[in-house]
1. From the list 388, 299, pick out the single residue that is open to solvent by 10 Å² or more (accessible area, probe 1.4 Å), without any contact (Cβ under 8 Å) to a residue 24 or more places away in the chain and touching a Phe, Trp or Tyr at 6+ places or on another chain (Cβ under 8 Å).
2. Might you check whether a residue that is within 24 Å of residue 264 (Cα to Cα), touching a helix residue (DSSP H, G or I) at 6+ places or on another chain (Cβ under 6 Å), outside the structural domain of residue 263 (by the TED database) and among the small types (Gly, Ala, Ser) occurs anywhere in the range 299-308?
3. Of a type in the set (Gly, Ala, Ser) and modelled with pLDDT under 90: which single residue out of 353, 317 fits that description?
4. If only one of 378, 356 is aromatic (Phe, Trp, Tyr) and under 30 Å from residue 313 (Cβ atoms), which one is it?
5. Name every residue in the range 517-539 that is touching a Lys or Arg at 6+ places or on another chain (Cβ under 9 Å) and closer than 22 Å to residue 506 by Cα, in order of residue number.
6. With the structure loaded, tell me whether residue 165 is hydrophobic (A, V, I, L, M, F, W, C) and at pLDDT below 70 or whether it fails that test.
7. Looking only at residues that are within 20 Å of the chain's Cα centre (by Cα), among the acidic types (Asp, Glu) and farther than 19 Å from residue 373 by Cβ in the range 198-247, which one is surrounded by the most Cβ atoms within 10 Å (Cβ to Cβ)?
8. Among 419, 438, 465, which is the only one that is at pLDDT below 90 and assigned to a helix (DSSP H, G or I)?
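The values are calculated or read from the model by the stated rules, or taken from the named source; none is laboratory data. Here the structure is a predicted model, which is why all the values come from computation and not from measurement. Positions of Cβ are backbone-derived with ideal geometry, glycine not excepted, and every protein chain shown enters the neighbour counts. Ligands, DNA and RNA are stripped out before the accessible areas are found, and what is left, the full protein with its side chains, is counted by its heavy atoms. Shrake-Rupley method; radii C 1.70, N 1.55, O 1.52, S 1.80 Å.
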Amino acid sequence: MITLTKKIIVPIIVLAVGGCAVPQQRRVTPPVPAAGSGQQAAEDFFGDDDQGPYLIPGQASSPEIDRRPVVSMDFVEDRIEKYSGRLYRFSEIQQNSLRSEETASERNQRNKCVEQVEELLNGYSELRAKLLMAKNFSAPPSYSLGEIQRVREADIYYLEGLCPALLQGSGTPGEGPVTAAQGEKELDQLDSMVDQLSHDGRYQELVALLDNKPSPKVERLRTQSKLRYAEALVFLHREEEAVKIYRDTLEWMKDLDGPGADLSSSRKSLADLYMATGNFKEARTQFSKITQEYDRMTLVNEWSRQQLSILEPSMEGSEELVDFSRLLLDFLRFVPEQDGYKVVWQAEKYLAGYPYSPVAPNVDLIKETAQRKTDRWYSERMQKVDDLAREQMFQQAIALLEAMPVGALGEERRIEVQAKKDELLASNAASIEQLNVARVQEMEKQWDKAVSLAGSGQYDEAIAAFQKLAATDYAPKAAEQIEFVSLEAAKNKRKEAAKLFIESSQETDPEAKKELLIKSRNLLQEILMKYPGVEIARKVEGNIKRVEQEMNAIDPRLIMEADLRQKEYSSEKIDAIFDMGVNADMADSPIIEKNLDQGLELE
């Protein structure tokens, strides 16, 4: 049986390694800068978001970047992460197979898959080492495109073969069977979410996301995701949990012979965390391992040697050590948008108080890193404020300014922020005034339109126009006009109903008489539906009863038939049938008025 302890070849040819618990850290950094370039050293050591572009095969090149590698370091490291995780899950399956029945065929297939995974890890690890050499020595890459092609073809062969299906037995306990494709997809999605949340500085959301996941699933995440989880825990002051993640990750990477640079980075983070939380014994142990095992990694080695110098027994219990551990903890928790320049000031105070401290170079690195990150955050925040202002989004821009920790930015920055805020407040006030003027003009335009409609007898349209002013300063006046126009509309329809009623009294044809009475009644009912609460509503109700008396006298079933017929028509058809209007001369004639008094008692 092939075991999983086969040695994976991982050449460790690294000159500089990132290592502090800050978001988006680099695992591998360029060579040590020349003396005097302290800021560049801080960027390389503690990591920076601005990694240089790497080319992939087939991508256009240029004279300025001809000496860069032609394959992405991010891609290679991602594949190492993936296949390290797969090797770990195969080891889980092997352990489970010892307690269950497994055929010789199944065992042979699994062992072949393990060999494929190990060979791919070897191939990608060698590519990674050559990339580092090319980058650190500013030399052309020492591999060929054929070498890259062979590794990638082997990768595709693995993915399209039978091996991924064998991983289905490594699902999270309690979740039921999980296919290889589903398991891989879920982990990829979770890794992507962790990357995004960490990049955005949304540490509470990141921790909440993984806190709610089963432990086995979290353990199967990429190493980078687990380390970001640990970093987020530090930002939330949950250092003990972060220590456990770093410690477990180190053990896992050691078992898999993971990339040495990654191992040193994680060990440095663990050692710093031990030191920051006062566990000086464990910190000394971890820093000692770094100096013994990774002596070629200049920056991380030098950092560790200086840390060890203040951990000497003679320094134990000293204020200098306590103050430095407090500074280190604040730096590990450092978030520019919350802390501003506090860590910078704290480092300056430490250097002033202990000018000959053995860790003074490390304090300089802490100060320069915190200064650079806060400067960049401040610049980006002010740029965002300006962008919002250009889009006339003054309140959002002001909110961004008010969220800034002005007390931790220094007097000069505080004055800049306050000046920008005053400027935006003035612009916002001017914008509001312009909006108010435009709104008043729009209200006046709407009012004039409604009055014009009412004047032309388009009462329903006028009412709708006045209703649009309900949520404006014109609301009280609009309400008065709605009441007045509704009354005028009701009176107008009542006159139409009266005209029809009069015509019915003069009609000799029984069927025509019925139709006229039905139309009159419908108009009166429409008044109560369209203009509820109108002043003449009680008179209209009495008019309806009078019309219905005439209808019953002709045919007791006529009212029921009229109601059934009305249901067959839409409101539009009813309006078209009955909204015929009244001739002005007839409406004012003594005959009409007399009959209105006698017949419908309209006055």
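1. Values: 299 fails: without any contact (Cβ under 8 Å) to a residue 24 or more places away in the chain.
Being open to solvent by 10 Å² or more (accessible area, probe 1.4 Å), without any contact (Cβ under 8 Å) to a residue 24 or more places away in the chain and touching a Phe, Trp or Tyr at 6+ places or on another chain (Cβ under 8 Å) holds for just one of 388, 299, which is 388.
2. Yes, the range 299-308 has at least one match.
3. Details: 353 fails: modelled with pLDDT under 90.
Answer to the selection: 317.
4. Numbers: 378 fails: under 30 Å from residue 313 (Cβ atoms).
On inspection, the qualifying residue turns out to be 356.
5. 518, 520, 523, 524
6. Working: hydrophobic (A, V, I, L, M, F, W, C): yes; at pLDDT below 70: no.
It is false that residue 165 is hydrophobic (A, V, I, L, M, F, W, C) and at pLDDT below 70.
7. 205
8. On inspection, the qualifying residue turns out to be 438.
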